[in-house]
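K.L.:
Got a structure for you, questions after.
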Amino acid sequence: MKDRISKGLCAVLCVVLLASCGGPEQKKMKFFNKGNGLFAEGEFVKASLEFRNAIQIDPKFADAYHMLGMTEIRRQNLKGAYGAFTKAVELDPGHFKAHNQLGRLFLAVREPDMAMEKAERILTEAPGDEDALLLKGAVLVARKDFTAADGYLEGLIGKGVRSPDAYELLAAARRRKGDAKGAEEALRRGIAADGTSVALHRALVDLLVRGNRFDDAAAEVRKIIELEPKDIGHRIALAGLYWSAGREPLAREILAQVVAADSKKEDGRIRVAGFYAAANRPAEAERELQEGIKANGKSYRLRFALADLYMNLNMAGRAVTVLKEALGLDRKSTKPEALQARTALAKAHLQRQETGEAEKLVDEVLKESPKNVEARFLKGNLLLLKGDGLNAVSEFRTVVSETPQFLEGHVRLAEAHAMNREMKLAEDTLRSALKNYPDAPVLERAVGLLYVRQKEFRKGEEHFRKLLGENPDNLEIRVDLGDLYLAAGDRGKAEAAYDSVRKKAPALPIGHVKLSRLYQVQGKWDRAAAEMEQAAKLNPRAETVFASLVEIRIRQNKPEAAVVLLDERIRRNPKDAFAYYLLGQVRAAQRDTRKAEEAFRQAMALQPDSMAPYLALGQLYTGAREYAKAKDVYEKVLSLQPDQWAAANDLAFLLSEEPSSGSLDKALALAERALKLRPDEPTVLDTLGWIRHKKGQAKQAVDLLSRVQAKAPDSPIANYHLGMALHKAGRQEDAKKYLAKSLAAKVDFPGRDDARKTLETL
């Protein structure tokens, strides 16, 4: 009896175990079904992992490859999608869905003939396959055979095809051959057949806007809102229509409703702030986000959005403050939001040229999350700044491998190759990316900039003009064209290009900024000031614009005009640290050491984490020969930011001027630290070379100082230092040449008397 019970129990347990474990077929279907569920929820990264798990169990699972391809399309990874669909049809030649998706990919990369082959391949075996029939119609539109497309698509609709795609393609064919009325008729027929199609309503909105029929377009958007009431984007689009039509009060009312309806106090405010920012209303964008933070004090997303706004306004100092506040929300440094805050903070420091602090933060993120693509991208940018193209290539290759849809990664990879003088590899990188993402503006622009870098100005001009022909309203390309002419020495054409930017976008400062910088190059300071003043009026918060205006006033020998500007800015915002920093620069230019010191210290008090006022104060003391005070300032900077290369360099130079050997050794260590941080920085090379000279290391000194002189051949100090090093190395004829060149410059510099006396002995 016991044996029978025991055997029966074992049998039951075996059944339970088998049911719980399942065989390979059950396991793969479990992963596949879970992937489908995640795909439906929009969780494409997680869905991709599930489909890959299914493929790992069954490498011949064609449906899993097909769905993997679909997830890659949603992730904008066309190359990965192509590979997955190709594998699916290899495993199952009758997988029509995968064939169809390959046809769509061929259309996306401008290969209509190959797309047609796929459509015909499916229709040979399945003449009624609706997806293939529509693919054929899309190919006819892509080939610009609009009359044939019209007849073909009308034929499909006549045979009972009611897919919204059929009507949308028919409308596209008619619109592109200039028949707007026929296009509208096609879309309204489609909506009558399927009133729930948001795609058809959107296409109709686009058509109506093109015809300046804003009220009719608004009515269609309201229908879309009824279909998808939870989608905030539709209400934002409606506000955009009213704003474009000059009905701002109505647009603002809709935007206020979006914010009021957002229970989380995040999405709505962020979208509304983005709307105001795009409409060149930064103050209103800032207000929305700040009010959101007051209502939801624990929100990371609102702070990230506010920091992004400040970054786009060239107000990196404020971005730093907001992001540090975000870091204080949670002590767990490994939390995804904390890592994102560190990465964003690194980006802000990089914009402020505080590379040491940026690198420290990036390394912290990569230590916690080695595959963090954004941190890798920033690391690559930092390496580019250091002139380390070789290691930058490695970082950017990782970026494009992990996220091929991140087009800026391809651009930076090309720049890294160009830095290494691998011009063919740089061009190949961009051309390869364009195959997968044809007509991508960021890639097309990078090709033109590569031509400029190689001084192939004719090719660059042709390329930029082609892009402008396709999109005359692209301001970025117009600016690039102006920059090309300036680099080629054609200032007249550069002025015309920049002026076209100003006329095309009178509400944006960029045209005025570019014209101002051109006039500065030409020495036309009054015109430069007028343009920069206009830019400052259009964007009074832009720190770089304001700094440029102050610099122009100093160059005009009108420092008091700059003081008036800054006093007014401080009156409006007494906590404006940047304005105090600029005021210090103006007072320093006036040789008013006391007032300059007061301004710099006020900036330091308001924003103690910004090193720029500290460095400026150190330079002020050095110029006033108050070396002890200067050293104290630089030591303070290094205690706050040990990787601050400029402070290390300037302190090294001051110590090198002291007579003791101990100071010289300390100076050498600091200069070597600065060189590691900025390997190609001329001032660092000069400091280290001069210290080597003083320590009697003649060959090393000559090597370093020769690099400086090559970068700045007309610099009196560079020629003086190299001449003295050559003299100590016993190369008297070469020494005479460079010492004479230093004295030929009719300017005073530290060591001029020494250069003259040494030259007299040679």
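K.L.:
Considering only Cα-Cα distances, which of the following residue pairs are longer than 22 Å: 335/575; 694/736; 595/631; 676/711; 537/558?
P.N.:
335/575
K.L.:
Go ahead and run the numbers for FRET between residue 568 and residue 210, Cβ-Cβ distance against an R0 of 56 Å, rounding to 0.05. Numbers along the way, then the final one.
P.N.:
Numbers: r = 45 Å, r/R0 = 0.80.
It comes to 0.80.
K.L.:
Also: Under unit Cβ charges (Lys, Arg +1; Asp, Glu -1), what dipole magnitude, rounded to 20 debye, does region 52-179 have relative to its Cα centre?
P.N.:
Magnitude of the dipole: close to 480 debye.
K.L.:
In the chain, if the dipole is taken from +1 on Lys/Arg beta carbons and -1 on Asp/Glu beta carbons about the Cα centre, which of 651, 410, 627 is farthest to the positive end?
P.N.:
Going by the Cα projections, it comes out as 627.
K.L.:
To the nearest 500 deg cm²/dmol, what mean residue ellipticity at 222 nm is calculated for the chain from DSSP H runs of n ≥ 4 alone, each contributing -39,500 (n - 2.57), summed and divided by the residues? If you can, show how the numbers build up before the last one.
P.N.:
Values: 44 runs with 600 residues, N = 762.
Helix contribution divided over all residues of the chain: -25000 deg cm²/dmol.
K.L.:
For region 696-762, with only Lys/Arg (+1) and Asp/Glu (-1) charged at the beta-carbon, what is the dipole magnitude about the Cα centre, in debye rounded to 20?
P.N.:
100 debye
K.L.:
Right, here's the next one. Once fully extended, how much extra length lies between residue 424 and residue 453, figured as 0.36 nm per residue of separation less the alpha-carbon to alpha-carbon distance? Walk me through the numbers on the way to the answer.
P.N.:
Working: separation 29, 0.36 × 29 = 10.44 nm, distance 1.28 nm.
Stretched out fully, the residue 424 to residue 453 stretch lengthens by 9.2 nm.
K.L.:
With an 8 Å Cα cut-off and a minimum separation of 6 or more residues, compute the relative contact order for the chain in percent.
P.N.:
The value is 4 percent.
K.L.:
Each residue of region 93-106 in turn: what ³J(HN,Hα) in whole Hz from Karplus with 6.51, -1.76, 1.60 and θ = phi - 60°, glycine and Pro shown as x?
P.N.:
x, x, 7, 5, 4, 5, 4, 4, 5, 4, x, 5, 5, 4
K.L.:
Which whole-Hz couplings ³J(HN,Hα) result when phi for each residue of region 358-368 is put into the Karplus expression 6.51 cos²θ - 1.76 cosθ + 1.60, θ = phi - 60°, listed in order with x for Gly and Pro?
P.N.:
Going residue by residue, I get 4, 5, 4, 5, 4, 5, 4, 5, 5, 5, 7 Hz, with x marking Gly and Pro.
K.L.:
Now, a different point. Suppose the chain between residue 227 and residue 711 were pulled fully straight at 0.36 nm per residue; how much longer would it get relative to their current alpha carbon spacing?
P.N.:
So the extension gain works out to 167.9 nm.
K.L.:
Using the basic label-point model (7 angstrom from Cα toward the beta carbon), what is the residue 177 to residue 199 distance in nanometres?
P.N.:
2.2 nm
K.L.:
For the chain, with only Lys/Arg (+1) and Asp/Glu (-1) charged at the beta-carbon, what is the dipole magnitude about the Cα centre, in debye rounded to 20?
P.N.:
1000 debye
K.L.:
Go through (1) 17; (2) 25; (3) 21 and flag the label whose value is the computed percent of Cα pairs over 53 Å apart for this structure.
P.N.:
(2)
K.L.:
Can I ask one more? Run the numbers on region 696-762 and let me know its relative contact order in percent, using alpha-carbon pairs under 8 Å that are six or more apart.
P.N.:
Values: 73 pairs, mean separation 19.5, N = 67.
Taking the mean separation of contacting Cα pairs over the length of region 696-762, I get 29 percent.
K.L.:
Would you mind checking the tilt of helix 407-419 against the longest principal axis of the Cα atoms of the chain, expressed as 0 to 90 degrees and rounded to 10?
P.N.:
For helix 407-419, the angle is close to 40 degrees.
Quick note: the coordinates plus some simple rules give every number you see, no bench work behind them. What you see is a predicted model; the values in this text were computed from it and never measured. Glycine gets a Cβ as well: all are built from the backbone with ideal geometry, and neighbour counts include every protein chain shown.
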